[in-house]
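The values are calculated or read from the model by the stated rules, or taken from the named source; none is laboratory data. Because the structure is predicted, anything quoted here is derived from the model rather than measured. Backbone-built Cβ (ideal geometry, glycine too); neighbour counts: all protein chains shown.
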């Protein structure tokens with residue numbers, strides 16, 4: 001199992017987290033796992049839209065008390 | 001991370017490309033912020049972004065310190081807005097446009113409006129890619145979405 005790359009966007013306001021994700025995406029390859037950590041409340045809907053548009057996959061969304069964790073699988077580069 | 005990558009190397013999942021064109025007409029900071037957010041978000045989504053700055057918008061795209069002009073009707077809320085932005089770590093519209101450019105966004109100044117306002121090419125902030133006419137902007141925008149802010 002590939003180790004997920006953690007993208008720590010905690011404290012960053014929209015559209016910061018999605019930009020950090022896009023930046024990590026540029027350096028990724030098919031099969032990679034990315035894990036976005038954010039506190040911005042829009043991140044769940046934004047990452048879903050991002051994944052749909054770019055052809056990638058949200059594996060899991062976990063809402064912790066201190067952060068939202070979104071796991072993304074890269075299917076398309 | 002300074003590698004310049006054109007927006008076009010980052011296609012939609014279905015292989016198509018999407019495009020957002022924004023006219024920045026207003027010079028007030030609230031509207032500039034809105035243009036900044038949408039430019040950065042669109043660029044991060046892999047959308048090709050082109051910004052056309054004209055009239056009052058140009059006043060914020062000249063070299064030097066950026067003015068913070070609030071619209072008259074919300075002027076009293078200026079300090080609260082600034083405080084809220086700081087608290088929420090919201091970047092400035094200028095930083096957002098710079099982020100968008102990192103993903104290939106282009107920013108053009110309207111040649112006619114610049115002439116009217118006596119702004120020369122060399123007076124423009126380095127964030128501006130070039131000075132162009134409306135026809136170039138419209139031709140680039142064709143087939144995409146457009147916003148007038």
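Side notes on the structure shown:
- Options B:36, B:57; residue that is assigned to a helix (DSSP H, G or I), within 16 Å of residue B:22 (Cα to Cα) and either within 14 Å of chain A (Cβ to nearest Cβ) or out of contact with any strand residue (DSSP E or B) (no Cβ under 7 Å at 6 or more places or on another chain) (or both): B:36
- Condition check for residue A:36: crowded, with 16+ Cβ neighbours inside 10 Å and either in a loop (DSSP other than H, G, I, E, B) or without any contact (Cβ under 8 Å) to a residue 60 or more places away in the chain (or both): yes
- Residues being touching a residue at least 24 places away in the same chain (Cβ under 8 Å) and assigned to a strand (DSSP E or B) - total across the stretch A:47-77: 7
- Within the stretch A:40-63, the set of residues being more than 8 Å from chain B (Cβ to nearest Cβ) and surrounded by fewer than 17 Cβ atoms within 10 Å (Cβ to Cβ) comprises A:41, A:42, A:44, A:45, A:48, A:57, A:58, A:59, A:60, A:61, A:62, A:63.
- Matching residues, the stretch B:4-28, being at pLDDT below 95 and either part of a strand (DSSP E or B) or more than 12 Å from chain A (Cβ to nearest Cβ) (or both): B:8, B:27
Each row is one residue, and each column tells you yes or no for (1) in contact with a helix residue (DSSP H, G or I) (Cβ under 7 Å, 6 or more places away or on another chain); (2) farther than 17 Å from residue B:38 by Cα; (3) not in a strand (DSSP E or B).
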{"site": "B:100", "(1), (2), (3)": "yes, no, yes"}
{"site": "B:108", "(1), (2), (3)": "yes, no, no"}
{"site": "B:113", "(1), (2), (3)": "yes, yes, yes"}
{"site": "B:138", "(1), (2), (3)": "no, yes, yes"}
